[in-house]
Amino acid sequence: MNDQSLDKLIEALLEGDQARAVAEASILRNASIDNEVLINQGIEKAMGLLDTKCTLEQFNLLEIMLVGRAVMGVIKTLYPDFPPIATRGTAVIASLEGDVHDLGKNIVKTIMSAKGYRVVDCGKDCPVEKLVDAAVREGAVIIAISGLITSIVPLVRQVVPLARTRGVTKVKVLAGGAALKQATADLLNVDYVADSVFDGIRFLELPREEIR
Amino acid sequence: MNSLDRIQAALSFGKPDRVPVIAQVFGHAAVLSDVSLGAYVRDGELLANCQLKALSRYGYDAVFALMDSGVETEAVGSSLTYRTDMYPYVEQYAIADAREVDKFSMPDPRRSGRMPEVLKAAQVLRRELQDEVLIVGCVLGPMTLAMQLMGPEKTLFLAADEPDLFAGVLDFALEVAVSFGLAQIEAGAHLPLVFDPSASPAVIPPQFFREFVLPRTKRLFSALKSGGSFANWLHIAGPAEAIFPFYPEAGVDIANFDYCIDPLRARQILPRTCLDGNIKPLSFVEATPNDIAEDSASLLELFSPHGGLILSSGCEIPLEAKTENVVAMVRAPHARS
């Protein structure tokens, strides 16, 4: 396979053009290119380029949403009946009780799914207990919390201690969102405060270690 | 000098007796008065009384006839959920299909939803404070109101997929903002703050702002100024630096700048626009009065020869802010005068 044969797919994905990305993926499949190649060398490459773009320039939710939608559209085309098996582990995600904003959370969910994580969405206005219960039930290796209001800070601090009492010790806890980004990981009692979804994913891809 | 004179001096880069300070105390005023937020955002008189008590407690230069970001969308037809201890939020968005935006009638600020209560708050505050303290109302900017009318994801996808339809929703939002803003001025507000966090470059690219939001913000400010607004105050929180260069064209007199923006950079980009900011909101909860005093002193020092500063938080003072931290910011300019 020519290295350039996926360029049009990657370009369409980066432009957030779902219709064109799906069309390009269909053309490549008809040319007998494996789904695995399309995922690993097409979608993965596009996500990597988006990551670089978000690191170098100021990212905005609109562009990330459009790329995320295009990626999910291609994945649905490649796997119409069953989604591909998530290989990078399970994440549970929520906006905590009192916080009803979920735009940021939904974007994180889309991008993490596109990157190969299985994401269990506990929704917005979610009690800490419900989030930790979901982490236990689903065997999560990641708990991700999105927050747009400062009043949830005390709730964020409860997540790690509650997870410990429930025997969850090998989970990484991440926080992000406009309000939580104002705080340090120590203040929130989490492993990492992510500046963006890609910053969070980079942290997750570091070697796994036990919860503090 | 009274507060209005002081703010006027900051606006014109003159010499106020001290730098004006506006703590963005909205729902925190309810917490101070031991009133539930659910009641505060539904009763204009109660809101005004809480604001007056907060003013008396802190002694800053502006009060706010401001409820929450659900007032306009509720008046158009969205259903909101109210709770005792948090701001209401949209349960069901008014506009399900952007093609139907023409069928929606404009809300009447004197009759629709809680708009009359906002007007009542402005009226009570003006009656009590006259022209001594700045009375600030609030309208949502077109981008934020569009999202509140349709839901954020739907609005953003519409903007990308069907820009003409999206522009129709923005135009409707603009009309609502003009009508509500003018009614607030008539009721007693010196100015309606234009709150448009969804227009931040964190949400939409700057070129999108320039194409869709800027022309409508310009029209909004032009209408408000013609209606007697004391000044045009634009509040876009977050990393808004990339759109600052558009502010003079939009007619912005006061630009909010959030904690994540370098004050010096903001001043360089907007050398003749009065800036309000930019103490980190979370610091009012987590830091000490000394920390706040130091941050305030740095800002005051930085703007000292130049002028054009209203000392403030980068965004809303959190509901759970420590009072001593708000006091520390309010006192900071007094210490230098």
Query raised in the report: Looking at the square roots a ≥ b ≥ c of the eigenvalues of the Cα gyration tensor of the stretch A:3-78, which shape do they give, rounded for a/c under 1.5, prolate if a/b is larger than b/c, or oblate?
Result: prolate
Report summary line: Rounded to the nearest 500, the 222 nm mean residue ellipticity computed for chain A from DSSP H runs (n ≥ 4, each -39500 (n - 2.57)) alone is -14500 deg cm²/dmol
Report task. Among the listed pairs B:Lys120/B:Lys225; B:Lys225/B:Lys322; A:Lys53/A:Lys181, give every one whose C-alpha distance is greater than 28 Å. Result -> B:Lys225/B:Lys322
Report task. Determine the sum of side-chain charges near B:Arg216: Lys and Arg each +1, Asp and Glu each -1, restricted to other residues whose C-beta is under 13 angstrom from that of B:Arg216. Result -> -2
Query raised in the report: Counting pairs of alpha carbon atoms under 8 Å apart in space and at least six apart in sequence, what relative contact order in percent does chain B give?
Result: 20
Query raised in the report: What does the charge add up to near B:Glu117, with Lys and Arg as +1, Asp and Glu as -1, over the other residues with Cβ less than 9 Å from its Cβ?
Result: +1
**Report entry** Gaussian network model of chain B, springs between alpha carbon atoms under 10 Å - residue of B:Thr155, B:Thr81, B:Thr217 with greatest fluctuation
**Finding:** B:Thr81
Report summary line: Between the residues A:Ile10, A:Leu131, B:Ile292, the Cα farthest towards the positive end of the dipole of the protein assembly as shown, that dipole coming from +1 and -1 charges on the beta-carbon of Lys, Arg, Asp and Glu, is from B:Ile292
Report summary line: Shape call for the stretch A:90-204, from the Cα gyration tensor axes a ≥ b ≥ c (a/c under 1.5 means rounded, otherwise prolate when a/b beats b/c, else oblate), comes out rounded
Report task. Let me have the relative contact order for the stretch B:145-212, percent, based on Cα pairs under 8 Å that are six or more residues apart. Result -> 23
Query raised in the report: How crowded by other chains is A:56-65, given as the mean number of beta carbons from other chains within 10 Å of each beta carbon?
Result: 6
Query raised in the report: Loop-only check: which GluC sites (Glu not before Pro) in the stretch B:80-184 are DSSP coil with at most 15 other Cβ within 10 angstrom?
Result: B:Glu132
Query raised in the report: Relative contact order, percent, of chain A when contacts are C-alpha pairs under 8 Å separated by at least 6 residues?
Result: 16
**Report entry** chain A: most fluctuating residue of A:Pro80, A:Pro161, A:Pro127 per GNM, C-alpha cutoff 10 Å
**Finding:** A:Pro80
**Report entry** About the Cα centre, charge dipole magnitude for chain B (Lys/Arg +1, Asp/Glu -1 at Cβ), debye
**Finding:** 760
Query raised in the report: Residues of B:156-164, mean number of Cβ from any other protein chain within 10 Å of their own Cβ, rounded to a whole number?
Result: 3
Requested in this report: State which helices in chain A qualify, where a helix is a whole DSSP H run, it must extend 20 Å or more along its own axis by its Cα atoms, and its mean Kyte-Doolittle hydropathy must be at least -0.5.
Outcome: A:61-78
Report summary line: Surrounding charge for B:Ser304, neighbours by C-beta under 13 angstrom, Lys/Arg +1, Asp/Glu -1, total +3
Query - Violating pairs (Cα-Cα greater than 32 angstrom) within the set A:Lys8/B:Lys154; A:Lys105/B:Lys53; A:Lys8/A:Lys124 - result: A:Lys105/B:Lys53; A:Lys8/A:Lys124
Query raised in the report: What does the convex hull of the Cα atoms of the protein assembly as shown come to per residue, in Å³, rounded to a whole number?
Result: 146
Report task. Quick one: work out the % antiparallel among DSSP beta bridges in the protein assembly as shown, nearest 5. Result -> 5
Report task. Evaluate E = 1/(1 + (r/R0)^6) for B:Asp17 and A:Asp186, where r is the Cβ-Cβ distance and R0 equals 45 Å; express this FRET efficiency to the nearest 0.05. Result -> 0.60
Report task. Of the DSSP beta bridges with both residues in chain A, give the percent that are antiparallel, rounding to the nearest 5. Result -> 0
Requested in this report: Express in whole angstrom the spacing between the alpha-carbon centres of the stretch B:191-214 and the stretch A:21-97.
Outcome: 28
Query raised in the report: Could you give the distance between the Cα centres of the stretch A:147-212 and the stretch B:8-83, to the whole Å?
Result: 32
Report summary line: Here the membrane-span-like helices of chain B, with no claim about any membrane, defined by DSSP H, Cα axial extent at least 15 Å and mean Kyte-Doolittle at least 0.5, are B:163-187
Report task. Could you size up the charge dipole of the protein assembly as shown around its Cα centre, putting +1 on the beta carbon of Lys and Arg and -1 on that of Asp and Glu, and report it in debye to the nearest 20? Result -> 500
Requested in this report: Using a/c under 1.5 as the rounded threshold, could you call chain A rounded, prolate or oblate? The axes a ≥ b ≥ c are square roots of the C-alpha gyration tensor eigenvalues, and prolate needs a/b larger than b/c, oblate otherwise.
Outcome: prolate
Query - Most mobile listed residue (B:Gly228, B:Gly141, B:Gly188) in chain B, GNM with C-alpha springs under 10 Å - result: B:Gly228
**Report entry** Efficiency of FRET between A:Thr52 and B:Ser298 - r from beta-carbon atoms, R0 35 angstrom, step 0.05
**Finding:** 0.55
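Readers should treat all values here as calculations from the given coordinates under stated rules, not as data from a laboratory. Keep in mind it's a predicted model, so treat the numbers as computed, not measured. Cβ sites come from the backbone with ideal geometry, for glycine too, and all protein chains shown count toward neighbours.
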